[in-house]
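Worksheet: the structure to be examined is printed underneath.
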Amino acid sequence: MKTGIALRHVRTAVSFALALSMLGATPRPVRDPDHLIVLSTTDVKGKTSPCGCHTPKGGLARRAAFVDSVRAEHDQVVLVDAGGFFPETDSQRDAGPFVMQTMNAIGTAASNVGDKELRFGYAFLREAVRESGLPVVSANLYDRRTGRLAFAPYVIVPAGRARVGVFGLMSGSADLGPARDSLRVEDAETAAVRTVAELKKKGATVIVLLSQLGKVESEDLVNAVEGIDAAITGRNVPMLQRGRVIKNTVVCYGGEQGWYIGRTSLALDAAGRSLSGENDMIMLGPEVEAKPAVFDVVKAFEDALNDRLRRLEKERAAAAALTAEDSDGDAVDHYVGAEVCGRCHKAEYDQWRTTPHARAWQTLVDEKKDATPECVRCHVVGYQKPGGFRTADDASRLGNVQCENCHGVGTQHEAYAATKAQVPEPVCRGCHDATTSPVFQFALYRPHILHQAPANMPALPPNPAKAKMKGAGTH
């Protein structure tokens with residue numbers, strides 16, 4: 001697997017650091033032989049630390065801490081992941097193997113394979129499985145060359161009086177990407193019937209499905225196949241705060257990016273079989289303290305990844321400069337930067353300098369997210385557009401949220417002047433969306449950035465993200 005040396009060293013440090021952190025760290029749990037707790041995540045999409053949302057949520061360090069807290073209370077806990085844990089962008093590829101190694105280190109009993117895990121090819125995933133040691137399952141994904149299952153169909157995990165069989169399924173409609181010539185997907189229902197029967201034959205008393213089938217296909221399957229006690233559903237499944245019981249199956253619905261963790265509690269009989277159950281979703285918000293050992297390795301990984309992305313940005317920019325496809329010369333409209341605007345609009349420029357917009361870039365530098373595309377785009381001018389911000393080398397001229405973010409490309413100044421400086425709400429909503437700024441109100445916030453602010457403006461509501469991001473390692 002072609003990864004940077006620093007990233008390899010960081011991943012290798014995960015298991016050692018976590019092993020040390022667990023020695024004597026968790027009090028002996030209270031025995032609860034009548035209940036089995038299944039903790040679950042799905043569709044994490046390579047996210048390693050809390051989102052940069054208004055209320056930062058998720059992160060591997062918080063997940064580890066929450067799992068520890070449940071294990072401290074119950075001795076029959078099984079941690080699983082329903083798949084979709086690989087990142088969605090090529091630039092974040094190294095996050096996939098890192099997430100796998102961290103999941104293994106915190107005691108994940110099984111993880112399913114979804115189409116996201118195949119984004120970088122079958123060989124890449126197999127190598128990541130080998131390096132991480134993470135138990136990966138899929139009961140209906142076959143290797144075309146050998147005719148055999150690509151991964152183990154299931155695992156059986158002892159948990160007190162229960163023997164928990166965990167198997168995974170992928171949707172037949174999944175895009176296998178570069179693995180489409182190497183793999184094929186068997187009908188999910190056929191595979192489920194066969195696997196449930198085999199698990200029971202091998203002594204499993206509780207059966208858990210890790211599903212990358214989506215909501216409708218997952219529900220149809222548990223309706224049709226007897227013997228599944230709990231189903232963790234993923235693949236673009238809207239989250240439900242409380243799960244549903246379909247026939248005799250407790251169904252846990254979605255959640256993504258690791259923002260929430262599912263908690264499915266199953267009541268057991270004397271033989272360890274499931275009698276009934278319920279599910280709810282717990283948000284991994286700021287009230288969940290990050291586990292220090294995991295936080296440290298995540299931070300080291302993210303810093304190394306950010307450095308690598310910064311180098312790649314410079315390489316791409318250098319390559320682009322050798323072509324005529326995106327010339328930033330005078331013949332092409334381009335961004336000029338706030339200092340150029342300030343030559344004629346000094347009062348407006350001076351007022352802008354007092355706003356948080358003028359410090360937007362530094363917030364990314366402080367968090368070492370200045371090469372993370374999903375963050376950078378809303379903290380600079382014209383990200384990856386002709387004549388716009390491309391790499392950190394452009395920060396002195398095009399870093400921060402500047403005049404041209406609101407008023408348009410500087411070389412189109414005359415055309416924009418005809419609009420009489422009106423900035424429509426959708427311009428702001430491009431970054432202040434429901435995820436990053438759920439309390440954003442255009443009419444309330446806009447006066448605070450006007451160059452001639454009205455008197456007696458209402459105060460803005462406090463931004464909890466500022467305090468909550470401290471020490472959270474936001475992503």
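Residues in segment 360-394 that are of a type outside the set (A, V, I, L, M, F, W, C) and touching a Ser or Thr at 6+ places or on another chain (Cβ under 9 Å) were compared, and the one that is farthest from Gly337 (Cα to Cα) is Glu367. Note on segment 58-75: among residues that are surrounded by fewer than 24 Cβ atoms within 10 Å (Cβ to Cβ) and not in a helix (DSSP H, G or I), the one that is modelled with the highest pLDDT is His74. Residues in segment 172-193: is at least one polar (S, T, N, Q) and closer than 19 Å to Ser111 by Cβ? Looking for residues that are polar (S, T, N, Q) and closer than 19 Å to Ser111 by Cβ, one finds none in segment 172-193, hence no. Only one entry in Tyr253, Tyr260 is under 28 Å from Asp187 (Cβ atoms) and among the aromatic types (Phe, Trp, Tyr), namely Tyr253.
Answer yes if at least one residue in segment 134-141 is crowded, with 24+ Cβ neighbours inside 10 Å, free of Cβ contacts under 8 Å to residues at least 60 places away in the same chain and of a type in the set (Ser, Thr, Tyr), and no otherwise. Checked segment 134-141: at least one residue is crowded, with 24+ Cβ neighbours inside 10 Å, free of Cβ contacts under 8 Å to residues at least 60 places away in the same chain and of a type in the set (Ser, Thr, Tyr). Within segment 429-443, the set of residues being of a type in the set (Gly, Ala, Ser) and without any contact (Cβ under 8 Å) to a residue 40 or more places away in the chain comprises Ala434, Ala443.
Taking segment 341-417 as the region of interest, the helices (runs of 4 or more DSSP H) fully inside it that hold 2 or more residues being within 24 Å of the chain's Cα centre (by Cα) and surrounded by 15 or more Cβ atoms within 10 Å (Cβ to Cβ) are 360-367, 373-376. In segment 162-174, the residues that are at pLDDT 95 or above reach residues that are of a type in the set (Val, Ile, Thr) and in a loop (DSSP other than H, G, I, E, B) with C-beta atoms within less than 8 angstrom, at least six apart or across chains, in these pairs: Ala162/Thr205; Arg163/Thr205; Val164/Thr205; Gly168/Val113; Met170/Val113. Looking only at residues of segment 199-253 that are among the hydroxyl-bearing types (Ser, Thr, Tyr) and in contact (Cβ under 8 Å) with a residue 60 or more places away in the chain, we find that the one that is surrounded by the most Cβ atoms within 10 Å (Cβ to Cβ) is Ser211. When the test is whether a residue is hydroxyl-bearing (Ser, Thr, Tyr) and in contact with a Leu (Cβ under 9 Å, 6 or more places away or on another chain), Thr146 does not pass it.
The values are calculated or read from the model by the stated rules, or taken from the named source; none is laboratory data. Worth saying up front: this structure is predicted, and the values here are computed from it rather than measured. We place every Cβ from the backbone using ideal geometry, glycine too, and count neighbours over all the protein chains shown.
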